[in-house]
Every structure is written in structure tokens, then in C-alpha cells.
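Read through the structure below, which is laid out as C-alpha cells, and then see the notes.
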Amino acid sequence: MRRLYLITRDLHLYIGLFISPFILVFAISVFVLLHGSVGGLGRESSAVSRTVTGVRLPAGAQALQGRARLEALRPVLDSLGVHGEIDFIRHVARDRRLVIPVTVPGRGTTVTLDYDQGVAVVTSRTQPFGEALAYLHRTPGPHNVELRGNALFMRLWRVMADATAYLLVFVTVSGVYLWTALRAERRVGIALLFAGAASFSALIYAVAR
Amino acid sequence: MPSPVDRLSLPDASRSRRAEAFFIWNRRLHYYLGLYLLLACWLFALTGILLNHPKWEFAQFWPSRVQTRSERAFTAPEGVTDLERAQHLMQQFGLVGEVQWPTTRPAGEALAFQVIRPGRAIEVKADLAARRATVQQHAYNVWGLVHTLHTFGGVRANDRVNVRDWPLTTVWVLSMDALAVGLLLMVCSSYIMWYRLKSKRRGGVVALGLGVGSCGSFVVGVRWLT
């Protein structure tokens with residue numbers, strides 16, 4: 001029993017320290033997601049544009065859909081020096097244009113591609129720190145399922161975000177186990193455990209009933 | 001009368017007692033907060049996983065939502081602003097929740113909006129001239145409920161159309177803020193507790209270093225590399 005306690009205590013400590021930067025990312029970004037601009041965390045920055053001519057699209061790429069279109073356009077974006085997660089691809093058929101927002105945490109780039117003229121306008125904007133955290137918080141997320149995870153960093157981030165959530169559950173469960181060994185703190189702890197569960201359940205009931 | 005040695009050690013002893021009290025309360029803060037926030041932590045951790053895996057069959061909620069549609073008559077909505085008129089209509093229809101506006105206003109004498117709350121979304125399309133409205137409700141299953149609890153905030157960041165208008169949305173948002181503050185405090189208190197465990201410092205530096213390195217590679221590293 002003593003051995004289990006010591007192992008649990010070490011795992012709680014080391015796993016908690018490992019996930020702590022991720023917890024900070026998720027906790028700080030909550031304020032940006034819920035309140036927009038918070039001090040310097042959410043301010044906009046000015047955009048920088050450049051125009052590239054002679055851009056060639058693979059034949060019929062604009063007519064493709066979903067992942068196939070993304071795969072066809074990826075080499076074009078690479079040739080323009082634009083790398084990152086493609087958020088979505090919008091085909092404005094009337095103007096013969098493709099609009100492609102590409103994001104990495106801290107930088108958003110929009111490529112507007114006139115596929116008849118072979119002209120691409122690449123507009124980049126450096127995101128403030130808080131916006132980069134908020135981007136990581138809400139991705140990969142439930143939207144654009146077919147396209148999401150088209151960049152390597154996003155596939156890795158999905159693994160790390162999941163790992164953070166699973167390890168957080170482990171850290172909380174192991175924390176409860178460690179607390180049960182502190183006899184002097186049991187009464188207060190039980191009261192707080194019930195108070196937290198009751199107030200949170202009541203709040204959920206109030207907003208969702 | 002205290003000796004010179006005693007006079008020197010008195011402030012030190014007092015400082016030491018204060019420091020000890022701080023460390024005791026830091027430890028208490030860590031597990032008191034952890035116990036109080038336990039359920040909320042579990043909800044947001046587990047729903048976070050669900051949100052990252054929208055293809056998981058068991059957690060689908062949109063296809064199995066229950067839809068009801070009704071035609072309602074109403075008296076002329078009171079109020080100067082669209083929000084006031086919408087809230088008066090909601091009162092007449094017995095609807096409660098956060099009003100969400102479409103990006104474009106419908107033409108003519110019409111009022112269209114959504115009333116949302118976790119687990120439910122209601123679309124209202126009111127013809128102000130004919131005093132008739134269609135009310136379409138989408139009620140989600142338990143997966144839909146927990147999914148929307150995670151994302152419910154009333155207003156998205158950079159939303160210029162909507163304002164938080166339901167008091168319970170504000171309460172929910174404040175409780176999410178409190179959870180975030182609680183997590184920040186727990187992380188800080190854990191660093192202090194770890195720092196005091198001299199035998200665990202080296203292993204802790206490795207664990208924290210790995211965490212900072214891997215997390216930092218996403219927060220700033222990807223931008224530098226691309």
C-alpha cells in the first residue's frame with residue numbers, strides 16, 4: 001500500500017509538471033475565447049500582402065472537392081512559401097478565384113488565387129500571443145472534419161491535446177487518492193468536493209433545463 | 001532581557017513561521033481547489049476529447065436531434081431595438097436562452113433569430129406584419145448537451161453582431177473564468193510544492209522541461225519553422 005502511495009505521488013508530480021504548460025495554454029486562452037481582447041493578448045496586427053504571378057494550378061483543381069482539392073492545391077501553396085493548416089477552401093466561381101486561409105499558431109495567411117490569370121495575393125497577419133493560444137485551444141475541434149489535420153503540426157497537436165485531457169483526468173484521480181491519505185484534511189476536503197459538485201451540477205441544470 | 005543572539009534570531013524565526021504558514025496554505029489551496037473544481041475539470045477534459053474526435057459514432061448528436069416545429073401567433077412585440085422585440089416574442093412563446101442573430105437581417109417586416117442554450121437551439125422566424133411566427137426547436141441528446149456546455153459562451157471572440165443578453169450565460173462564462181483562474185492557481189501552487197521537494201528537483205526539471213519544450217514547439221516553434 002505504501003509503495004502504491006509513493007508511486008502515485010511521483011506520477012502525480014511528474015505528470016502534473018509535464019502537462020502544466022499545456023494546462024496554462026488552455027486556461028489562459030479561455031479568457032481570449034470568452035472575452036476577446038484581454039490586454040495585449042487579443043489585439044489585431046496589421047496585414048502584409050504580396051502578389052505572385054505565373055501561378056499554375058493542376059488541371060481542374062478548382063473543380064475538385066474536399067480533401068482531393070486540398071491535396072491538389074498543397075504543392076501550389078508550398079511553391080508560394082505558404083505552410084500550415086489549411087482552414088478551408090472557398091471557391092468563388094463568379095470571380096474565378098479560390099480563397100484559402102492557412103494558419104499556424106501565431107500567423108494567419110490568406111491566399112487569394114485568380115486561377116485564370118495565374119495571380120495569387122498572399123496576405124499574412126501576425127497573430128498576437130493570446131490569439132495563437134486561442135487557436136490551439138479550439139483546434140482541431142469539431143468543424144471541417146474532412147480537412148482538419150492536413151498539416152503535420154495539427155496532427156501532432158491533436159495527440160498532445162488528447163494526451164493533456166487524459167493525463168489531467170489521471171492527475172485529478174491520483175490527487176483525490178493522495179488527499180484521502182491526509183486524514184486531517186478529510187472533513188474539509190469532502191465538504192469542498194460536495195460543494196463543487198453541487199454548485200457545478202446546479203449551474204448545469206440552470207443553463208440546460 | 002534577550003541575549004544578542006536571541007535578538008538576531010527573532011526576526012528569522014518570525015520569517016520562518018510566516019514562510020511555513022505560506023507553504024501549508026499553498027498546499028491546502030492546491031488540494032482544496034482541486035477537490036472543488038474536480039467535476040468541472042472532468043467535464044471540460046472529457047468534452048475536449050469529444051470535440052477533437054467528431055467522427056466518433058457513439059457521441060454523434062446532430063443526426064439524432066429531436067426537431068419540433070410550430071406556427072405561433074403573437075401580439076405586436078414591444079421595444080425599440082431588435083433585441084427588445086425578440087425578447088418580447090420569446091416571452092410570448094415561453095422561450096428562455098441566449099439570442100443569436102444571423103449575419104444578415106431578413107428583408108421586409110421580419111425578425112429572425114436563434115435562441116440557444118446548452119442542449120437546445122430554437123430558430124424563430126417572425127413575420128411582423130402578419131403576426132405569425134415559425135418556431136423550430138432542435139433538442140440534442142446527452143452528447144449534444146455536454147458538447148454545447150463546453151462551447152457555450154453566448155458570444156464568440158470577435159463577434160460584432162451579438163452581445164451576451166441572457167444572465168445565465170454571464171454566470172456560466174464567469175464560472176468558466178473561475179475554473180481557468182483555479183487551474184492557473186493550481187499550476188502555480190504545484191510549482192511551489194515541487195520546488196520544496198529537493199529530492200524531486202532533478203526529475204521535476206526533466207518533466208517540466210519536456211512539457212515546456214513540447215508545448216512551446218506548438219505555441220511559438222511552428223511559426224519559426226514555417
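The values are calculated or read from the model by the stated rules, or taken from the named source; none is laboratory data. All values reported here derive from a predicted model rather than from experimental measurement. A quick note on method: Cβ atoms are made from the backbone with ideal geometry, for glycine too, and the neighbour counts reach across all protein chains shown. Accessible surface areas use protein heavy atoms only, side chains included; no ligands, DNA or RNA. Shrake-Rupley method; radii C 1.70, N 1.55, O 1.52, S 1.80 Å.
Being open to solvent by less than 20 Å² (accessible area, probe 1.4 Å), within 30 Å of A:LEU6 (Cβ to Cβ), among the small types (Gly, Ala, Ser) and more than 7 Å from every other protein chain (Cβ to nearest Cβ) is a property that holds for B:SER189. Inspect all residues belonging to the stretch A:173-191 and state whether any of them is part of a helix (DSSP H, G or I), closer than 25 Å to A:PHE31 by Cα and more than 8 Å from chain B (Cβ to nearest Cβ). The answer is no; no qualifying residue exists. Within the stretch B:113-131, being of a type in the set (Gly, Ala, Ser) and either outside any strand (DSSP E or B) or within 11 Å of chain A (Cβ to nearest Cβ) (or both) holds for B:GLY119, B:ALA129, B:ALA130.
The combined condition, being under 30 Å from A:GLY16 (Cβ atoms), open to solvent by less than 40 Å² (accessible area, probe 1.4 Å) and outside any loop (DSSP other than H, G, I, E, B), is not fulfilled by B:LEU39.
Output the residue which, of all residues in the stretch A:144-163 that are at the interface with another protein chain (Cβ under 8 Å from one of its Cβ atoms) and out of contact with any Leu (no Cβ under 9 Å at 6 or more places or on another chain), is farthest from A:ILE7 (Cα to Cα). If you could, list the steps in order and put the result at the bottom.
Residues of the stretch A:144-163 that are at the interface with another protein chain (Cβ under 8 Å from one of its Cβ atoms), as a first pass: A:145, A:153, A:156-158, A:160-162.
Going one step further and asking which of them are out of contact with any Leu (no Cβ under 9 Å at 6 or more places or on another chain), we end up with A:145, A:156, A:158, A:160, A:162.
Details: A:VAL145: 40, A:LEU156: 29, A:ARG158: 29, A:MET160: 24, A:ASP162: 24 Å.
By that ranking, first place goes to A:VAL145.
For residues in the stretch B:147-186 being among the small types (Gly, Ala, Ser) and in a helix (DSSP H, G or I), which is farthest from the other protein chains (Cβ to nearest Cβ)? Residue satisfying both the conditions and the ranking: B:ALA178. Tell me yes or no: at least one residue of the stretch B:132-146 is open to solvent by less than 40 Å² (accessible area, probe 1.4 Å) and either in a helix (DSSP H, G or I) or in contact with a Leu (Cβ under 6 Å, 6 or more places away or on another chain) (or both). Yes, some residue in the stretch B:132-146 is open to solvent by less than 40 Å² (accessible area, probe 1.4 Å) and either in a helix (DSSP H, G or I) or in contact with a Leu (Cβ under 6 Å, 6 or more places away or on another chain) (or both).
Evaluation of A:THR126 against the conditions (1) among the β-branched types (Val, Ile, Thr); (2) at the interface with another protein chain (Cβ under 9 Å from one of its Cβ atoms); (3) more than 30 Å from A:GLU85 (Cβ to Cβ) shows that the sole unmet condition is (3). Being assigned by TED's automatic domain parsing to the domain that holds B:PRO77, part of a loop (DSSP other than H, G, I, E, B) and within 24 Å of B:TRP62 (Cβ to Cβ) is a property that holds for B:PRO102. When the residues of the stretch B:149-162 are filtered to those that are of a type outside the set (A, V, I, L, M, F, W, C) and modelled with pLDDT under 95, the one that is farthest from B:SER175 (Cα to Cα) is B:ARG160. It is to be established whether one or more residues within the stretch B:92-99 are under 20 Å from B:GLU71 (Cα atoms), more than 21 Å from the chain's Cα centre (by Cα) and either open to solvent by less than 40 Å² (accessible area, probe 1.4 Å) or of a type in the set (Ser, Thr, Tyr) (or both). Yes, the conditions are met somewhere in the stretch B:92-99. Within the stretch B:68-91, being out of contact with any helix residue (DSSP H, G or I) (no Cβ under 8 Å at 6 or more places or on another chain) and open to solvent by 90 Å² or more (accessible area, probe 1.4 Å) holds for B:ARG69, B:GLU71, B:VAL80, B:GLN91.
Only a single criterion out of (1) open to solvent by 20 Å² or more (accessible area, probe 1.4 Å); (2) within 26 Å of the chain's Cα centre (by Cα) is not satisfied by A:LEU70, namely (1). Being exposed (fewer than 13 other Cβ atoms within 10 Å of the Cβ) and among the acidic types (Asp, Glu) is a condition met by no residue of the stretch B:155-173.
Looking across the stretch B:10-36 at every residue that is among the hydroxyl-bearing types (Ser, Thr, Tyr) and surrounded by 11 or more Cβ atoms within 10 Å (Cβ to Cβ), the one that is modelled with the lowest pLDDT is identified as B:SER16. Considering A:VAL82, A:VAL99, A:VAL55, A:VAL48, the condition of being of a type in the set (Val, Ile, Thr), open to solvent by 50 Å² or more (accessible area, probe 1.4 Å) and outside any helix (DSSP H, G or I) is satisfied by A:VAL48 alone.
Restricting the stretch B:163-185 to residues that are touching a Ser or Thr at 6+ places or on another chain (Cβ under 9 Å) and modelled with pLDDT of 95 or more leaves a set whose member that is farthest from B:GLY34 (Cα to Cα) is B:SER175. Checked against (1) surrounded by fewer than 15 Cβ atoms within 10 Å (Cβ to Cβ); (2) under 27 Å from B:TRP224 (Cβ atoms); (3) within 14 Å of chain B (Cβ to nearest Cβ), A:ILE7 passes all but a single condition, namely (2). Applying the condition of being closer than 30 Å to B:CYS215 by Cβ and small (Gly, Ala, Ser) to the stretch A:102-137 and asking which residue is most open to solvent (accessible area, probe 1.4 Å) yields A:SER124. In the stretch B:192-213, which residue that is surrounded by fewer than 18 Cβ atoms within 10 Å (Cβ to Cβ) and among the small types (Gly, Ala, Ser) is farthest from A:ALA165 (Cα to Cα)? The residue in question is B:SER199.
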